[in-house]
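In what follows, a structure is listed as structure tokens, so that the remarks can point back to it.
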Amino acid sequence: MKELFQDGAVQAILLTAGITYALRLGGLLLADRLPRIGPARRFLDCLPGTILLSLTVPGALHAGVEGIIGLGACLLIFWRTRNLLLTMAAGMIGVCLFRWLFQM
């Protein structure tokens, strides 16, 4: 029987959640001291997204064609709608459709 998670997946998810929570909490606690404009502000605005990308892109590439199709569906839907829920649904549906059509 195939394992539900790859080795270290649960730890990676928990670590990512902890980092994201710490960044958000730190931002709330230090909000008055953080820069409101400039390059440091742009960096802080992009940080949660870069952490998410650093985890999803290698996984999608490792999954092969269906992962790349799912990632492409995510990018397309996010580019058109900017809706995170639709983006995640499109990625999952893209992978599921590919697997169903090609019985992987």
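The values are calculated or read from the model by the stated rules, or taken from the named source; none is laboratory data. Source: prediction; values computed, not measured. All Cβ positions, glycine included, derive from the backbone under ideal geometry; neighbour counts span all protein chains shown.
Please go through segment 78-98 and give me each residue that is surrounded by 13 or more Cβ atoms within 10 Å (Cβ to Cβ) and more than 14 Å from the chain's Cα centre (by Cα), ordered by number.
Selection gives I93, G94, V95, L97, F98.
I'd like the full set of residues that are charged (D, E, K, R) and either closer than 25 Å to Q6 by Cα or modelled with pLDDT of 90 or more (or both), limited to segment 58-96.
Within segment 58-96, E66, R80 qualify.
Considering each of I77, I93, I13, I37 in turn, give the residue that is among the β-branched types (V, I, T) and touching a helix residue (DSSP H, G or I) at 6+ places or on another chain (Cβ under 6 Å). Can you show your working first?
Numbers: I93 fails: touching a helix residue (DSSP H, G or I) at 6+ places or on another chain (Cβ under 6 Å); I13 fails: touching a helix residue (DSSP H, G or I) at 6+ places or on another chain (Cβ under 6 Å); I37 fails: touching a helix residue (DSSP H, G or I) at 6+ places or on another chain (Cβ under 6 Å).
From the options I77, I93, I13, I37, the qualifying one is I77.
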